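Right, one structure below, let's go through it.
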4 protein chains.
Amino acid sequence: MKTITRLDLEDARVLIAGAEAHAREIGVPMCIAVVDESAQLIAFERMEGGKVTSTTIALDKAFTAAGAKKATHEYGASSQPGAPAYGIFSAIGGRLMVVGGGLPVTFDGAVVGGIGVSSGTPAQDQAVAQAGIDHWLAQQK
Amino acid sequence: MKTITRLDLEDARVLIAGAEAHAREIGVPMCIAVVDESAQLIAFERMEGGKVTSTTIALDKAFTAAGAKKATHEYGASSQPGAPAYGIFSAIGGRLMVVGGGLPVTFDGAVVGGIGVSSGTPAQDQAVAQAGIDHWLAQQK
Amino acid sequence: MKTITRLDLEDARVLIAGAEAHAREIGVPMCIAVVDESAQLIAFERMEGGKVTSTTIALDKAFTAAGAKKATHEYGASSQPGAPAYGIFSAIGGRLMVVGGGLPVTFDGAVVGGIGVSSGTPAQDQAVAQAGIDHWLAQQK
Amino acid sequence: MKTITRLDLEDARVLIAGAEAHAREIGVPMCIAVVDESAQLIAFERMEGGKVTSTTIALDKAFTAAGAKKATHEYGASSQPGAPAYGIFSAIGGRLMVVGGGLPVTFDGAVVGGIGVSSGTPAQDQAVAQAGIDHWLAQQK
């Protein structure tokens, strides 16, 4: 048997709070999801004005990032036509997201969860996800 | 066109906080989802110890309660063998929940959203959902 | 090869108009779907106050009634515990509806389409679907 | 709580009528769907000769346009190979449509619903959707 370390609900709230603070700064209301290292949902919030189509997309970005231990935008690069992972975007019923905005949450070299953000451009989504992680990391001293 | 009133994110947080307080009182960690009057997800939290299978169940209980403007346990009664709505439990890809724990959130006679709770017995789930509503209603003065 | 007779869009509108008239009479706003004899959707309307969960249910009742050439409430009887079609309600990803409110539309002994209604009790749904058919039949002289 | 404005059934009928008039002008029978601002279906019609595969496509174009508050052809541009949203087309179980023909319906600066059209070329679909909106807007005085 083994022991694993993962995000808890309090961590998820901190990640979401950090993400929302940055979303407000850039003026783009977001859908934000946080999952644990097993890619299971812990918490989700749709900010006022967040898109309803982005609910599922945020959930699936977090799912992909934690489950695959990889940022979703990295899949974007490797799934281009001619690239090795071409077509992976329709895997798992379309849940495997290759659009930026999903980031694994890493601590001490191990993936402990994932955060997924959607409603803006992929670059905005990714920046808001990173802001959530930065806010959370600043409290891990 | 028409105008409708619905829950916002702050309302969803209050509903979840009220539900979690009661879940702690009875010692049963829960998954809790809140949707708006169009059955679109606003917020979700899985408490420490909440069941991962209950994530989808809580989401779908909230979806059913707001979308059908009816408590999920009412469907439980009307969908028994021999009753008129027998078999409704597999509708909408199985998302239509007939197990207690999903309640519409009503204000001034109109459904403004829904709350879905899962991880305990259906009676516990329903009591926790009601506690969320009671906590929220106490603030609507 | 063969030639088949089926409902057209104008028929679908007449069926829906007849159903909506009865829905207004009984004061229950409904979701109403009409499909052709191949169970393919022709038209749909959600009346003001119709339930959003009933959208899919109305579509699937019409689909079942036309596709199986059988009223959905007949499946309700034959799918009870111990009966021959027990469990059929989860077939086709849950689209096979066994709750009343789906009726085949028959003309000259052949099924030419189907109508599905949802938002009320199964008895109300079925009565509204029948009213749509009666209204349409009255024009087929 | 908050208050929002959305399309009602009468609006949906006007949008569809305007779209169908243009579809007849260009001689391309269409599938046409209208959803509210929460991306929930209000009404649908398949014109005589509209494609049965286009039923779901029209529904999903309307869903995408209202839910994401963006025309589907804009996703077409941003989801090309090498572009930021590459791969988004398989999101939400493939419901997120990036092919032209889905337009948000906007009034007083807010998205109040969406219209989705399918059966012709994407350019034809988009023109027919726009004609529906133009017809509806002409009545909003």
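No value in this document is a laboratory result; all are computed from the given coordinates. This structure is a prediction, so every number in the text was calculated from the model and none was measured. All Cβ positions, glycine included, derive from the backbone under ideal geometry; neighbour counts span all protein chains shown.
Numerical summary
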quantity: Gaussian network model of chain A, Cα within-10 Å springs - most flexible of A:106, A:55, A:121; calculated: A:121
quantity: Label geometry 7 Å along the beta-carbon vector: residue D:21 inter-copy distances in nm; calculated: 2.7, 5.4, 5.7
quantity: Relative contact order of chain C, defined on C-alpha pairs under 8 angstrom at six or more residues apart (%); calculated: 30
quantity: Long pairs among C:2/D:51; A:61/D:70; C:51/C:141; B:51/B:141; B:2/D:69; A:70/B:69, criterion Cα-Cα beyond 29 Å; calculated: C:51/C:141; B:51/B:141; A:70/B:69
quantity: Computed magnitude of the charge dipole of region B:52-141 (debye, nearest 20; Cβ of K, R +1, Cβ of D, E -1); calculated: 120
quantity: Exam field: residue D:141 pseudo-label spacings to other copies (7 Å along Cα-Cβ), nanometres; calculated: 4.2, 5.1, 6.6
quantity: Residue of chain D whose Cβ sits closest to the axis mapping D onto C, with distance in whole Å; calculated: D:44, 2
quantity: Estimated FRET transfer efficiency when R0 is 35 angstrom, pair residue C:13-residue A:134 (beta carbons, to 0.05); calculated: 0.05
quantity: With eigenvalues of the C-alpha gyration tensor scaled by 5 and rooted, chain A, Å; calculated: 21, 19, 13
quantity: Label-to-label distance, nm, for residues given as residue A:26 and residue D:53 (7 Å Cα→Cβ offset); calculated: 3.7
quantity: Residue of B:81, B:29, B:104 that the Gaussian network model of chain B assigns the largest fluctuation, springs spanning Cα pairs under 10 Å; calculated: B:81
quantity: Size descriptor, Kirkwood hydrodynamic radius, that averages inverse alpha-carbon separations across region B:69-141, Å; calculated: 13.0
quantity: Placed amide H near residue C:105: partners under 5 Å, 5+ positions off or other chain; calculated: C:112, C:113, C:114, C:115
quantity: FRET efficiency for residue B:123 and residue C:86, using Cβ-Cβ distance with R0 set to 25 Å, rounded to 0.05; calculated: 0.35
quantity: Isotropically averaged projected area of the protein assembly as shown, using the convex hull of Cα atoms (one quarter of hull area), nm²; calculated: 29.0
quantity: Loop-resident sites, region A:89-141, for chymotrypsin sites (Phe, Trp or Tyr not before Pro), counting at most 13 other Cβ within 10 Å (DSSP); calculated: none
quantity: Sparse-neighbour loop sites [GluC sites (Glu not before Pro); region D:24-64; at most 12 other C-beta within 10 Å; DSSP]; calculated: D:48
quantity: Other-copy label distances relative to residue D:74, 7 angstrom Cα-Cβ extension, nm; calculated: 3.1, 3.9, 5.0
